[in-house]
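Here the structure is laid out as structure tokens; the discussion comes afterwards.
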Amino acid sequence: MTEQYSQTVEVTVTSKTKAMQWIGIGSVLFSLGFLMLAIFYVWYFVFGFIAILAVGIVYIHLYNTSPKEFIYDISPVRLVVAKKDLMGKTVRKLSLMLEDVKSFELMQGIADDDDVIACDQTYDKGVYQLVYGEDGNLRRLLFAPDDYMLALLKEALQDKFLLGSEQDKFLLGSESDGQ
């Protein structure tokens, strides 16, 4: 097995996310008008300035923390998933020991709030779910590995799972001889 492999998956920035930035900038600029009213007319407008400025700052912050790409790093014993936001800041979302993996297969169903989502769209073709145990609970990692990372995961997990079902045989790369 390769000692270390890294894969980067880019995430498309939606028009809704881009709109958050412009709403935030517009709100900050609009709040400056309330500041002028508070200075020259009635000081009560300072409350409007504070509220609109806070809304603008929150929208800009939400835009800046939106994911731009996900980075998957795999080693023989660990899978690390990191998120890089639009400002270039990288934050580790998950560091998973491969021995904690309970199952690995193509994604089934829909994403839950408890899932760790590390892909562009969960409904895309090629999104896999990796179920793992964390603090006694089962959680899912939804991610889109490339072919090489998929092969590395299959190699790392082949001893962990019994080849009972056809899906397990497919996922772990075993050939069925048709008997």
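Structure data summary
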{"item": "Contour minus Cα-Cα distance for residue 137 and residue 92 (0.36 nm per residue)", "result": "14.2 nm"}
{"item": "Distance between modelled label sites at residue 110 and residue 78, nm, 7 Å Cα→Cβ extension", "result": "3.6 nm"}
{"item": "Förster radius 25 Å - calculated FRET efficiency between residue 22 and residue 51, Cβ distance, rounded to 0.05", "result": "0.85"}
{"item": "Net lengthening on full extension, residue 102/residue 3 (0.36 nm per residue, minus Cα-Cα)", "result": "33.4 nm"}
{"item": "Choice from 55, 81, 116 showing the highest fluctuation, given a GNM over the chain with Cα pairs closer than 10 Å", "result": "55"}
{"item": "Percentage relative contact order, segment 1-75, counting C-alpha pairs under 8 Å, at least six apart", "result": "54 percent"}
{"item": "Carbon/sulfur fraction of accessible area - segment 16-109, other protein chains in place, 1.4 Å, %", "result": "68 percent"}
{"item": "Segment 43-57 - phi-based ³J(HN,Hα) in whole Hz, Karplus 6.51/-1.76/1.60, Gly and Pro as x", "result": "5, 5, 5, 5, 5, x, 4, 5, 5, 5, 5, 5, 4, x, 5"}
{"item": "32 Å Cα-Cα threshold exceeded, pairs from 18/125; 16/154; 83/154; 16/102", "result": "16/154; 16/102"}
{"item": "Positive-end extreme of charge dipole, the chain - chosen from 33, 119, 87 (charges on Cβ)", "result": "33"}
{"item": "Amide H partners (placed H, <5 Å) of residue 78, local residues excluded", "result": "98"}
{"item": "The chain: relative contact order as a whole-number percent, Cα under 8 Å and 6+ apart", "result": "19 percent"}
{"item": "Residues whose placed amide H lies under 5 Å from that of residue 127, excluding near-sequence neighbours", "result": "107"}
{"item": "Per-residue HN-Hα couplings for segment 63-74 [Karplus 6.51, -1.76, 1.60; θ = phi - 60°; Hz; x = Gly/Pro]", "result": "5, 5, 8, 5, x, 9, 7, 10, 10, 10, 10, 10"}
{"item": "Efficiency of FRET from Cβ geometry, residue 158 and residue 64, R₀ 45 Å, rounded to 0.05", "result": "0.65"}
{"item": "For the chain, calculated [θ]222 nm from helices alone, where every DSSP H run of n ≥ 4 adds -39500 (n - 2.57)", "result": "-11500 deg cm²/dmol"}
{"item": "Net +/- balance of residues flanking residue 126 in space, Cβ distance below 15 Å, scoring K and R +1, D and E -1", "result": "-4"}
{"item": "3J(HN,Hα) from dihedral phi, segment 98-111, Karplus parametrisation 6.51/-1.76/1.60, rounded to Hz, x for glycine, proline", "result": "5, 6, 8, 6, 9, 7, 8, 7, 4, 4, 10, x, 10, 6"}
{"item": "Segment 1-118: antiparallel DSSP beta bridges as a percent of all, rounded to 5", "result": "100 percent"}
{"item": "Given [x] 1.00; [y] 1.45; [z] 1.20, the label whose value is Cα Rg over 2.2 N^0.38 Å derived from this model", "result": "[y]"}
{"item": "Computed magnitude of the charge dipole of the chain (debye, nearest 20; Cβ of K, R +1, Cβ of D, E -1)", "result": "1040 debye"}
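The values are calculated or read from the model by the stated rules, or taken from the named source; none is laboratory data. Not measured: the values here are computed from a predicted model. Methodologically, a virtual Cβ is constructed for each residue, glycine included, from the backbone with ideal geometry; neighbour enumeration extends over all protein chains shown. Side chains are part of the model used for accessible areas, which takes the heavy atoms of the whole protein and leaves out ligands, DNA and RNA. Shrake-Rupley method; radii C 1.70, N 1.55, O 1.52, S 1.80 Å.
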